[in-house]
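Heads up: the structure comes next, in structure tokens.
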Amino acid sequence: MARLLLLEDDPVLGQAVAEALEQHGFRVLWAKGEEEAWSLVLGEPLDAWSWT
């Protein structure tokens, strides 16, 4: 299962995107801020990441 990092501070949009990606078989790590995103990027191997 591919691991993706989603950075989105809007809770409605972030939830919708995360759920859509999970329905297509992705494991989504959702960061709600830049500091949290960098922590995830540096702490866990990812297959892809996107800044929105």
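The values are calculated or read from the model by the stated rules, or taken from the named source; none is laboratory data. Source: prediction; values computed, not measured. Backbone-built Cβ (ideal geometry, glycine too); neighbour counts: all protein chains shown.
Kindly indicate whether residue 12 is among the aliphatic types (A, V, I, L, M), loosely packed, with under 11 Cβ neighbours inside 10 Å, at pLDDT 90 or above and outside any loop (DSSP other than H, G, I, E, B).
Here the answer is yes, as residue 12 does meet what is asked.
Considering only the range 37-52, state which residues are surrounded by 11 or more Cβ atoms within 10 Å (Cβ to Cβ) and aliphatic (A, V, I, L, M).
Hits for the range 37-52 are 37, 40, 41, 46.
Being modelled with pLDDT under 90 and either assigned to a helix (DSSP H, G or I) or in contact with a Leu (Cβ under 9 Å, 6 or more places away or on another chain) (or both): is that true of residue 46 here?
Working: modelled with pLDDT under 90: yes; either assigned to a helix (DSSP H, G or I) or in contact with a Leu (Cβ under 9 Å, 6 or more places away or on another chain) (or both): yes.
Here the answer is yes, as residue 46 does meet what is asked.
Condition first: in a helix (DSSP H, G or I), surrounded by 10 or more Cβ atoms within 10 Å (Cβ to Cβ) and more than 8 Å from the chain's Cα centre (by Cα). Now tell me which residues in the range 15-36 satisfy that.
15, 16, 17, 19, 20, 21, 22, 34, 36
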